[in-house]
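Q: Input: one structure, supplied below.
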Amino acid sequence: MNKPLKIVLISLGAIIVVILGFFAYMFLPVGVTRVITPTGQITDNVYAISGGYVNCYLVSNGADYILIDSLTSPEALKTGLDELGIDPESIRYVFLTHADYDHAGGLPLLSNVTVYMSSDEEQMINGKTARFIFAPPAVKEIKHTALNDSQNLIIGSTMIRAIAAPGHTPGSMCYLVDGKYLFAGDAMNLNDGKADVFFFKYTMDMETMKKSIRKIAAITGITAIFTGHTGYTTNAQAAFEGWK
């Protein structure tokens, strides 16, 4: 074997090892146990939809529904809605906590919806900021209305406050519904009922995430926390002990 060819093969082998190592790292089990809420009604107006390893949530808004995140794919979202007996056409608004595929992947199922997302998350879909070294943007295009921190919206009978919670991604955003229900996405985990940081390997800035959790813990009136991968709690006060 000639020397130039040998160098090329060694270089290619090294690149393959690095790539395989990266994907092995990303998909190895993480320390905190995922707790996925089964598809069904949780409170008088909140429903969970299970996508296998991730939850999204529906908020009843009179004759229609508000969706918080959208699972991994149109098929996963449709399966959950069918189980609940809810027509996708009855969903009129979608609030994305961030643009990762397991939260935004179901959007193509929905037509005639208004999608809201943090203005700081736009960098994650326009290619300005890379999510992972070897990965393109999880979702390349989302037609949306941009939200800013502390922005309030009234949709029908429902009041929603947008809360910037960077860390997992630069534009991660939580939504406080009617002053009491916090939809956190991946801005935090629940670990034995306590607020905790999200899985470190998927978090872009851990120190910023900790600051975001402390900021949210200082908000009064929250009674329940709904997360993307670790279930929910109806005892928010106990969950935030140690973060205030």
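Q: With respect to the numbered conditions (1) part of a loop (DSSP other than H, G, I, E, B); (2) under 18 Å from the mean Cα position of the chain (by Cα), which one is the sole condition not fulfilled by Ala195?
A: (1)
Q: When you scan the range 155-172, how many residues do you find that are over 16 Å from the mean Cα position of the chain (by Cα) and assigned to a loop (DSSP other than H, G, I, E, B)?
A: Selection size over the range 155-172: 2.
Yes/no matrix, rows are residues, columns are (1) among the hydrophobic types (A, V, I, L, M, F, W, C); (2) surrounded by fewer than 20 Cβ atoms within 10 Å (Cβ to Cβ); (3) more than 19 Å from Ala99 (Cα to Cα); (4) in contact with a helix residue (DSSP H, G or I) (Cβ under 9 Å, 6 or more places away or on another chain):
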| position | (1), (2), (3), (4) |
| --- | --- |
| Tyr175 | no, no, no, no |
| Met188 | yes, no, no, yes |
| Lys194 | no, yes, yes, yes |
| Met206 | yes, yes, no, yes |
| Ala217 | yes, yes, yes, yes |
| Thr220 | no, yes, yes, no |
| His229 | no, no, no, yes |
| Gln237 | no, yes, yes, no |
| Lys244 | no, yes, yes, yes |
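Q: Out of everything in the range 94-113 that is farther than 17 Å from Arg161 by Cβ and among the hydroxyl-bearing types (Ser, Thr, Tyr), what residue ends up being farthest from the chain's Cα centre (by Cα)?
A: Looking at the filtered set, the residue picked out is Ser111.
Let's see how each residue does on (1) farther than 27 Å from Pro38 by Cα; (2) in contact (Cβ under 8 Å) with a residue 24 or more places away in the chain; (3) not small (Gly, Ala, Ser):
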| position | (1), (2), (3) |
| --- | --- |
| Met173 | no, yes, yes |
| Leu190 | no, yes, yes |
| Gly193 | no, yes, no |
| Lys210 | yes, yes, yes |
| Arg214 | yes, yes, yes |
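Q: Given the conditions (1) among the polar types (S, T, N, Q); (2) modelled with pLDDT under 95; (3) in a helix (DSSP H, G or I), which single one is not true for Thr129?
A: (3)
The values are calculated or read from the model by the stated rules, or taken from the named source; none is laboratory data. Just so it is clear, the model here is predicted, and its values are computed rather than measured. FYI the Cβ positions are ideal-geometry reconstructions off the backbone, even for glycines, and counts take in every protein chain you see.
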